[in-house]
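Asker: Can you read through this structure? Questions will come right after.
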Amino acid sequence: MAHPTQLGFQDAASPVMEELLHFHDHALMIVFLISTLVLYIIVAMVSAKLTNKYILDSQEIEIVWTVLPAVILVLIALPSLRILYLMDEINDPHLTIKAMGHQWYWSYEYTDYENLEFDSYMVPTQDLTPGQFRLLETDHRMIIPMESPTRILVSAEDVLHSWAVPSLGVKMDAIPGRLNQTTFITSRPGVFYGQCSEICGANHSFMPIVVEAVPLEHFENWSTLMLENA
C-alpha cells in the first residue's frame, strides 16, 4: 500500500501492473531525454553570440524534426497498445465476483456459488484494532485465490462509483444500469487496498476496498465456512 512521502507507484501485485510500471518508466525516460534536449537548445540559442543566416532554409533539419517525433510517438504507442489489449483480455476466469457500489459501501457476490454474498463497510476509527489502517480497513474483505484469473463485474445501485485497487492495476467505473467487467491475476499473497475513485457524494472517501489474496486451499476453506454460516 502507499506510505507517506511516497513518490512512485505502489509495488505491483499483478502481471498487468508490472507491465504498467515498465511502460511508465519507458515513457518517463523518453520525456526526460526530450526535456533535456529542448533545455540544451534553449540555453544554446540564448547564450550563443554567433548566428547562422542559412539555418532557416535548412531542409535537413526540417526532415529531422518531423521524422524524429514520429519515431518517438511510435515507440510510445506500440507498448501502450499492447498493454491496452492485455488489460482488456479475459480468458477463462477461474472466479467471477460481482461488485456493486452503494452510498457508501461495496457489496460483493461470488456468482460461481449459490449463496455467497456480503456487504463491505469501512471500519470506524474507534473500532480499529492494532495493525489496521484508518479509512482503509473494512469489516469484510474480498477474498480471492492467488495466481487464479479473477473476473470482476462492476456496477452501482445509485450513483457513479469506481472500483479501483492501484497495486493490482485495476480501475473500473461502476455505472447504474450498466455492467462493466475487468480481470486480474494476483501474483503473490497479500492484502491490497483501494478506494472508490469517483466522487460519489458526501462520504466518497469512506468506502474503501480491501482485496485479500490467499492460497487456493485457504480460499476453499473460507468459502465453505461462509456458505455454512449463510
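The values are calculated or read from the model by the stated rules, or taken from the named source; none is laboratory data. Keep in mind the model is a prediction, meaning the values are calculated, not measured. Quick reminder, even Gly has a Cβ in these numbers, built from the backbone with ideal geometry, and neighbours come from all protein chains shown. Just so you know, the surface numbers come from the protein's heavy atoms only, side chains and all, with ligands and any DNA or RNA stripped out. Shrake-Rupley method; radii C 1.70, N 1.55, O 1.52, S 1.80 Å.
Asker: Considering only residues that are more than 22 Å from Leu225 (Cβ to Cβ) and open to solvent by 70 Å² or more (accessible area, probe 1.4 Å), which ones fall in segment 114-130?
Answerer: Hits for segment 114-130 are Thr125, Gln126, Asp127, Pro130.
Asker: I'm trying to understand the selection: among the residues of segment 1-38, which are open to solvent by less than 60 Å² (accessible area, probe 1.4 Å), in contact (Cβ under 8 Å) with a residue 40 or more places away in the chain and under 14 Å from the mean Cα position of the chain (by Cα)?
Answerer: Ala2, Gln10, Ala12, Ala13, Ser14, Val16, Met17, Glu19, Leu20, Phe23
Asker: Turning to a different aspect of this structure: Could you tell me which numbered condition Ser120 fails, if it satisfies all but one of (1) without any contact (Cβ under 8 Å) to a residue 40 or more places away in the chain; (2) within 26 Å of Phe219 (Cβ to Cβ); (3) hydroxyl-bearing (Ser, Thr, Tyr)?
Answerer: Every condition holds for Ser120 apart from (1).
Asker: Filter segment 173-185 down to the residues that are within 14 Å of the chain's Cα centre (by Cα) and part of a loop (DSSP other than H, G, I, E, B) and list them by number.
Answerer: Ile185
Asker: Next up: Take Lys98 and tell me if it is outside any helix (DSSP H, G or I), farther than 29 Å from Phe133 by Cβ and not polar (S, T, N, Q).
Answerer: It is false that Lys98 is outside any helix (DSSP H, G or I), farther than 29 Å from Phe133 by Cβ and not polar (S, T, N, Q).
Asker: Surrounded by 10 or more Cβ atoms within 10 Å (Cβ to Cβ) and within 22 Å of Leu81 (Cβ to Cβ): is that true of Leu68 in this structure?
Answerer: Yes: the conditions hold for Leu68.
Condition check ((1) in a strand (DSSP E or B); (2) modelled with pLDDT of 95 or more; (3) on the phi > 0 side of the Ramachandran plot) across all residues:
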position: Gln132; (1), (2), (3): no, no, no
position: Leu135; (1), (2), (3): no, no, yes
position: Ile143; (1), (2), (3): yes, yes, no
position: Val154; (1), (2), (3): yes, yes, no
position: Asp158; (1), (2), (3): no, no, no
position: Ser162; (1), (2), (3): yes, yes, no
position: Ser187; (1), (2), (3): no, no, no
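Asker: Residue check: is Val210 closer than 19 Å to Met122 by Cβ, aliphatic (A, V, I, L, M) and open to solvent by less than 10 Å² (accessible area, probe 1.4 Å)?
Answerer: In short, yes.
Asker: Let me ask you something else. How many residues does segment 42-64 contain that are in a helix (DSSP H, G or I) and either in contact (Cβ under 8 Å) with a residue 12 or more places away in the chain or loosely packed, with under 10 Cβ neighbours inside 10 Å (or both)?
Answerer: Looking only at that region, the number is 9.
Asker: Further question on the same structure: Hey, could you check segment 11-61 for residues that are of a type in the set (S, T, N, Q) and modelled with pLDDT of 90 or more and say which is farthest from Thr186 (Cα to Cα)?
Answerer: Thr36
Asker: Report, by residue number, each residue of segment 30-83 that is of a type in the set (Gly, Ala, Ser) and within 29 Å of Leu20 (Cβ to Cβ).
Answerer: Residues of segment 30-83 that are of a type in the set (Gly, Ala, Ser), as a first pass: 35, 44, 47-48, 58, 70, 77, 80.
Hits for segment 30-83 are Ser35, Ala70, Ala77, Ser80.
Asker: Give segment 189-207 a look and list any residue that's open to solvent by 30 Å² or more (accessible area, probe 1.4 Å), not aromatic (Phe, Trp, Tyr) and not in a loop (DSSP other than H, G, I, E, B), or say none.
Answerer: Val191, Gln195, His204, Ser205, listed by residue number.
Asker: Separate question: Hey, any hits in segment 104-113 for a residue that's exposed (fewer than 11 other Cβ atoms within 10 Å of the Cβ), out of contact with any Phe, Trp or Tyr (no Cβ under 8 Å at 6 or more places or on another chain) and not in a loop (DSSP other than H, G, I, E, B)?
Answerer: From segment 104-113, those exposed (fewer than 11 other Cβ atoms within 10 Å of the Cβ) are none; that's our starting set.
Taking every residue of segment 104-113 in turn, none turns out to be exposed (fewer than 11 other Cβ atoms within 10 Å of the Cβ), out of contact with any Phe, Trp or Tyr (no Cβ under 8 Å at 6 or more places or on another chain) and not in a loop (DSSP other than H, G, I, E, B).
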